[in-house]
Amino acid sequence: MISARTQKILDGLDELFPDAHCELVNHNHFELAVAVVLSAQTTDVSVNRVTPALFETYPTAADLAAADVREIEPFISSLGLYHNKAKSIHDLAVGIHERFHDQVPDNMDDLVSLAGVGRKCANVILSECYGIPSLAVDTHVYRISKRLRLANPDDTVYQVELKLRRKIPEERWIRTHHQMIFFGRYLCYAKKPECARCPFVPLCREKNKNL
Ligand code: SF4
């Protein structure tokens, strides 16, 4: 059963970000999978700048799999770690093309067997591509879960995910994931959170940290 405290947080997030959604621009499962892998340690805005030309040149997993990694690099050179990312999305495309017949897998085990796809990326793909209830713990969800005492300060990413799954009703996982990301992106920043306009001050472990 959901606690009154968690319910307050979910209600507050509903009020703040009723329309929270995935901000990675994509038109199909393949594009989403590539965009998610590219988004590691960079912003969705940066990824959205490079993907239109990338997908125009390599519209399918087969096309990207057939490319040389060095041909892919210029398309994503504005992103950090672009050498590694070019190899990751190339190998991801090879896996999707050769092992999964050009279909992005719809289960965790197969997804994490693909290059560049960890548990976080897999959770995003499961929820965005297939509507499967999932809770991806990215840097925002990780930080906010701890600040709002949904997790302990020393919890690992996986422990945070398990706690969120236990505390939040399954039908809310996808929505809450997006709302926590919006909250982290647009209000509860890592360095200078805007506590003055936050409804969760009484619930927060790090409230008014800038005052
Ligand atoms: S009170 Fe400040 S640190 Fe705490 S959740 Fe709100 S914005 Fe974030």
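The values are calculated or read from the model by the stated rules, or taken from the named source; none is laboratory data. Every value quoted in this text rests on a predicted model; they were computed, and no experiment measured them. Just so you know, the surface numbers come from the protein's heavy atoms only, side chains and all, with ligands and any DNA or RNA stripped out. Shrake-Rupley method; radii C 1.70, N 1.55, O 1.52, S 1.80 Å.
Working note: Karplus 6.51/-1.76/1.60 with θ = phi - 60° gives the stretch 173-186 the couplings 4, 5, 5, 5, 4, 5, 5, 5, 5, 4, 4, x, 6, 10 Hz, where Gly and Pro are set to x.
Please report, as a whole percent, how much of the solvent-accessible surface of the stretch 93-211 comes from carbon and sulfur atoms (probe radius 1.4 Å). That share works out to 53 percent. A full extension of the chain between Y130 and E15 corresponds to an added length of 38.8 nm, given 0.36 nm per residue minus the alpha carbon distance. All Cα-Cα distances of the chain, cut into 5 Å bins from zero to the largest, leave 1, 7, 15, 19, 17, 14, 11, 8, 5, 2, 0, 0 percent in each bin in turn. Whole-percent P(r), the stretch 29-130, all Cα pairs, 10 Å bins from 0: 17, 55, 27, 1. Rounded to the nearest 10 degrees, what's the angle between the helix 4-16 long axis and the longest principal axis of the chain, both from Cα atoms, 0 to 90? Computed tilt is about 60 degrees. Compared with the direct C-alpha span, the chain from N28 to A196 gains 56.5 nm at full extension, assuming 0.36 nm per residue. Taking the accessible area of the stretch 1-54, probe 1.4 Å, and keeping the other protein chains in place, the carbon and sulfur fraction comes to 55%.
Against the main long axis of the alpha-carbon atoms of the chain, helix 119-130 sits at an angle near 80°.
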